[in-house]
DNA sequence: GTATCGATGATCT
DNA sequence: GATCATCGATACC
């Protein structure tokens, strides 16, 4: 079952959304075909959170974080892109960063984009994921409604969730807002 | 206008 | 484990 961008899931507290997205399947359809993967690692970026791009108000870059829930916030960091899903009622500025998926469909397409055959290197990391899924700034602000980019609800709830501090940030480092499926091969390291 | 700094990844040791 | 590629948004003057 597809999770539409207006699903009430996105109105739950953002850390709960981050946990609920584990086990869901992210998919993308382009002219190259269809790719999909099971979400195995997420991070929550919340209100009153110095690591959150939205924490210092709305700017041109983070504008879609203040847009409707269930839509994408895509930004560039260094030379790569990262995909977030906006949560909460419009205007709050919270989101979930999708950090890693376990590839399930279209591995050959991902391998071509990533220039590697190793399944573990296809989408284990936010930048790798975006490269494998052909996600760039043009998807910033777009709904995840299954037209090009979409989500399937998890077949079964994920029970073994590990909670840790977030990765790669310099502020808000103490907050335990990174979540991943225990013992999964496809989480990003560090 | 100019400087700085990342929610990263690849590569080398 | 360390370095650096590379670029745009943001901060600062």
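The values are calculated or read from the model by the stated rules, or taken from the named source; none is laboratory data. Keep in mind the model is a prediction, meaning the values are calculated, not measured. Counting neighbours? That spans all protein chains shown, and the Cβs are built from the backbone with ideal geometry, glycine included.
State all residues of region A:76-108 that are more than 9 Å from DNA strand B (Cβ to nearest atom) and under 20 Å from residue A:185 (Cα atoms); if no residue qualifies, say none.
A:101, A:102, A:103, A:104, A:105, A:106, A:107, A:108 - these are the residues of region A:76-108 that are more than 9 Å from DNA strand B (Cβ to nearest atom) and under 20 Å from residue A:185 (Cα atoms).
Output the residue which, of all residues in region A:42-62 that are under 14 Å from residue A:15 (Cα atoms) and part of a loop (DSSP other than H, G, I, E, B), is farthest from DNA strand B (Cβ to nearest atom). Reasoning before the result, please.
Step one: filter region A:42-62 for residues under 14 Å from residue A:15 (Cα atoms), giving A:42-49, A:52.
Now narrow it down to the ones that are part of a loop (DSSP other than H, G, I, E, B): A:46-49, A:52.
Working: A:46: 10, A:47: 12, A:48: 13, A:49: 9, A:52: 5 Å.
So the residue we want is A:48.
Within region A:28-57, which residues are touching a helix residue (DSSP H, G or I) at 6+ places or on another chain (Cβ under 7 Å) and loosely packed, with under 14 Cβ neighbours inside 10 Å?
Within region A:28-57, A:33 is the sole residue that qualifies.
Residue A:72 - would you say it is in contact (Cβ under 8 Å) with a residue 24 or more places away in the chain and either more than 23 Å from residue A:189 (Cβ to Cβ) or not in a strand (DSSP E or B) (or both)? Break it down into steps so the answer makes sense when it comes.
Details: in contact (Cβ under 8 Å) with a residue 24 or more places away in the chain: yes; either more than 23 Å from residue A:189 (Cβ to Cβ) or not in a strand (DSSP E or B) (or both): yes.
So residue A:72 passes the test.
Being within 12 Å of DNA strand C (Cβ to nearest atom) and modelled with pLDDT of 90 or more is the filter here, so list the residues in region A:53-75 that pass it. Lay out the reasoning, then the answer.
We begin by selecting, within region A:53-75, every residue within 12 Å of DNA strand C (Cβ to nearest atom); these are A:53-66, A:73-75.
A:53, A:54, A:62, A:63, A:64, A:65, A:66, A:73, A:74, A:75 - these are the residues of region A:53-75 that are within 12 Å of DNA strand C (Cβ to nearest atom) and modelled with pLDDT of 90 or more.
Determine, yes or no, whether residue A:154 is farther than 30 Å from residue A:60 by Cβ and part of a helix (DSSP H, G or I). Steps first, please.
Details: farther than 30 Å from residue A:60 by Cβ: yes; part of a helix (DSSP H, G or I): no.
For residue A:154, the condition - farther than 30 Å from residue A:60 by Cβ and part of a helix (DSSP H, G or I) - is not met.
Just to be sure I understand, how many residues within region A:139-190 are within 16 Å of DNA strand C (Cβ to nearest atom) and closer than 20 Å to residue A:122 by Cβ? Spell out how you get there, then give the answer.
Our first condition is that a residue be within 16 Å of DNA strand C (Cβ to nearest atom); within region A:139-190, this holds for A:139-141, A:167-172, A:188-190.
If we keep only those that are closer than 20 Å to residue A:122 by Cβ too, we end up with A:139, A:167-168, A:188-190.
Of the residues in region A:139-190, 6 are within 16 Å of DNA strand C (Cβ to nearest atom) and closer than 20 Å to residue A:122 by Cβ.
Might you let me know whether region A:22-45 holds any residue that is free of Cβ contacts under 8 Å to residues at least 24 places away in the same chain and under 22 Å from residue A:174 (Cα atoms)?
Quick first cut of region A:22-45, residues free of Cβ contacts under 8 Å to residues at least 24 places away in the same chain only: A:31.
Now narrow it down to the ones that are under 22 Å from residue A:174 (Cα atoms): none.
Checked region A:22-45: no residue is free of Cβ contacts under 8 Å to residues at least 24 places away in the same chain and under 22 Å from residue A:174 (Cα atoms).
Among the residues of region A:115-138, which ones are within 16 Å of DNA strand C (Cβ to nearest atom), more than 24 Å from residue A:17 (Cβ to Cβ) and crowded, with 17+ Cβ neighbours inside 10 Å?
Across region A:115-138, the qualifying residue is only A:131.
The conditions are (1) within 10 Å of DNA strand B (Cβ to nearest atom); (2) crowded, with 21+ Cβ neighbours inside 10 Å, and residue A:71 fails exactly one of them. Which is it?
Here residue A:71 clears every test but (1).
Determine the pairs where a residue that is at positive phi, located within region A:162-190, has a partner that is modelled with pLDDT under 95 and loosely packed, with under 13 Cβ neighbours inside 10 Å with Cβ atoms under 6 Å apart, the partner being 6 or more residues away or on another chain.
A:172/A:50
Identify, by number, the condition in (1) under 23 Å from residue A:177 (Cα atoms); (2) within 14 Å of DNA strand B (Cβ to nearest atom); (3) touching a residue at least 12 places away in the same chain (Cβ under 8 Å); (4) more than 11 Å from the chain's Cα centre (by Cα) that residue A:114 doesn't meet.
(1)
Quickly run through region A:1-18 and pick out the residues that are out of contact with any helix residue (DSSP H, G or I) (no Cβ under 9 Å at 6 or more places or on another chain) and either under 18 Å from residue A:82 (Cα atoms) or crowded, with 19+ Cβ neighbours inside 10 Å (or both).
A:5, A:14, A:15, A:18
Can you tell me which residue among A:96, A:80 is within 16 Å of DNA strand C (Cβ to nearest atom) and touching a helix residue (DSSP H, G or I) at 6+ places or on another chain (Cβ under 8 Å)? Spell out the reasoning first.
Working: A:96 fails: within 16 Å of DNA strand C (Cβ to nearest atom).
A:80 is the lone residue from the list that is within 16 Å of DNA strand C (Cβ to nearest atom) and touching a helix residue (DSSP H, G or I) at 6+ places or on another chain (Cβ under 8 Å).
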